[in-house]
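See structure below.
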Amino acid sequence: MHNIHITDIAGIRVGHATNEAGGTGCTVILCENGAFAGVDVRGGGPATRETDLLKPVNMIEQVHAVMLSGGSAFGLDAASGAMQFLEERGAGFDVGVTKVPIVCGASLFDLAIGEVSCRPDKKMGYEACQNASDGPIAEGCVGAGTGATVGKFYGPARMMKSGIGTFGVQMGKLQVAAIVAVNALGDVINVDTGERLAGLLSEDFGKIISTEEEMYAQLDDKRNLFSGNTTLGCVVTNARLTKTQATKLASIAHNGYARSIRPVHTMADGDTIFALSTAEVDVMPDAVGALAAEVIARAVNRAVLAAKPGYGLKAAVDFRQA
């Protein structure tokens with residue numbers, strides 16, 4: 001087994017569009033030739049686009065792009081830019097009179113970072129497509145990870161900066177890779193050591209404390225949690241999967257969130273994972289699922305490790321240098 005970039009998978013290109021001043025951005029995963037797709041939305045507060053068509057009982061088998069964006073529900077507009085880009089290139093589902101690009105998407109809440117009126121829109125989504133390449137992908141505070149944060153149990157004052165991360169592996173001919181924008185209510189855990197890499201800060205901002213323990217200590221507190229969260233991911237493989245198997249792959253991949261984020265899938269998160277299959281290699285589907293959980297977890301770790309301090313917030317790097 002060796003590490004790969006997500007764009008090493010043939011037919012996959014990834015691009016970011018970033019507005020640092022606005023504190024937001026979007027990231028597109030392009031598969032212009034089509035990819036069998038599935039999705040699993042686990043969080044209680046999702047903002048999603050075209051996820052119903054990915055249900056195995058529905059007609060569409062393949063998609064042409066997945067758009068991950070900031071901006072809360074406003075940011076879903078970024079997918080329209082991908083539709084325009086793909087239509088111009090003749091990609092999409094043939095309906096006779098034209099081709100309709102199938103673009104799925106999900107947005108995270110980053111409106112508390114930067115300028116609240118700045119959200120990913122059609123223009124930014126188009127720009128992300130223009131920036132898409134099959135080379136190494138930037139990580140940290142770029143694209144959908146620009147305004148991402150973690151550790152928000154006590155609101156914005158004690159949260160930390162996060163970002164977007166990628167990780168991929170190849171075993172024989174099989175390739176499995178993931179990209180994740182980490183914007184969780186909870187803390188991010190090192191999957192190798194169990195240490196907290198980023199999350200809820202102590203009152204003196206000197207260390208990272210356990211969100212779960214703080215929750216347990218306040219079981220009778222019925223206050224509304226700060227609802228500015230959601231971790232978005234996409235796992236991509238060259239394994240030959242049906243639409244139904246891709247849906248199951250997205251479900252299994254959530255195990256990677258569970259390994260690396262605590263707590264996860266809360267009512268204040270809209271945690272979502274898309275799965276894409278380019279259908280090139282015949283392998284055991286369960287092996288693909290095991291690798292999917294692994295690459296998702298490690299992409300989550302890389303997202304916070306690549307993030308830099310900003311917008312008045314500390315990042316994991318601040319504690320690792322101490």
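Scaled to the globular estimate 2.2 N^0.38 Å, the Cα spread of region 66-130, given as radius of gyration, is 1.21. The magnitude of the dipole of region 1-66, with charges of +1 and -1 set on the Cβ of Lys/Arg and Asp/Glu and taken from the Cα centre, is near 100 debye. Once the Kirkwood radius over Cα pairs is known for region 270-322, the Stokes-Einstein relation at 25 °C and 0.890 mPa s delivers a diffusion coefficient of 175 µm²/s. Determine the sum of side-chain charges near Ala297: Lys and Arg each +1, Asp and Glu each -1, restricted to other residues whose C-beta is under 11 angstrom from that of Ala297. That works out to +1.
Do the sum for the chain: with -39,500 (n - 2.57) for every DSSP H run of n ≥ 4, divided by all residues, what is the mean residue ellipticity at 222 nm, to the nearest 500 deg cm²/dmol? Write out the running numbers ahead of the final one.
Values: 6 runs with 72 residues, N = 322.
Result for the chain: -7000 deg cm²/dmol, rounded to the nearest 500.
All C-alpha to C-alpha distances of region 182-265, sorted into 5 Å bins beginning at zero, yield P(r) values of 3, 12, 19, 20, 16, 12, 8, 5, 3, 2, 0 percent in whole numbers. Of the solvent-accessible surface of the chain, computed with a 1.4 Å probe over protein heavy atoms with every protein chain present, carbon and sulfur atoms account for 50 percent. The angle between the Cα long axis of helix 243-260 and the longest principal axis of the Cα atoms of the chain comes to about 20 degrees, rounded to the nearest 10.
May I ask you to compute the full-extension gain from Ala21 to Val97, defined as 0.36 nm times their residue separation minus their alpha-carbon distance, rounded to one decimal in nm?
Numbers: separation 76, 0.36 × 76 = 27.36 nm, distance 4.17 nm.
Working it through step by step, the gained length comes to 23.2 nm.
Translational diffusion coefficient of region 226-274 at 10 °C, 1.306 mPa s, Stokes-Einstein with Kirkwood Rh over Cα pairs, in µm²/s as a whole number.
Details: Rh = 11.8 Å.
D = 135 µm²/s.
The 3J(HN,Hα) values that the Karplus relation (6.51, -1.76, 1.60; θ = phi - 60°) gives for region 283-297 are, in residue order, 9, 5, x, 5, 5, 5, x, 4, 5, 4, 4, 5, 6, 4, 4 Hz. Gly and Pro appear as x. For region 214-289, the set of trypsin sites (Lys or Arg not before Pro) satisfying both a DSSP loop assignment and a count of at most 14 other C-beta atoms within 10 Å is given as Lys222, Arg223.
If you take the alpha carbon radius of gyration of region 191-322 and divide it by 2.2 N^0.38 Å, what ratio comes out, to two decimals? Please report the intermediate quantities before stating the final value.
Numbers: Rg = 17.3 Å, N = 132, 2.2 N^0.38 = 14.1 Å.
This ratio for region 191-322 stands at 1.23.
Suppose we look only past 35 Å in the calculated P(r) of the chain. What percent of the Cα-Cα pairs does that tail hold? Of all Cα-Cα distances in the chain, 14 percent exceed 35 Å. Only residues of region 280-296 count here: report those whose backbone N is under 14 Å from the spot 7 Å along Cα→Cβ of Val191, or say none. From region 280-296, the list is 288-296. Taking a straight line from the alpha carbon of Lys308, these lysines sit under 18 Å away, with near neighbours fewer than eight places off in the same chain left out: Lys152, Lys161, Lys207. Two numbers describe the Cα atoms of region 80-211: Rg and Dmax, which are 18.6, 63 Å.
The values are calculated or read from the model by the stated rules, or taken from the named source; none is laboratory data. These numbers come from a predicted model, not from an experiment. Backbone-built Cβ (ideal geometry, glycine too); neighbour counts: all protein chains shown. Each accessible area value is taken on the protein alone, full model and side chains, heavy atoms only, with ligands, DNA and RNA left out. Shrake-Rupley method; radii C 1.70, N 1.55, O 1.52, S 1.80 Å.
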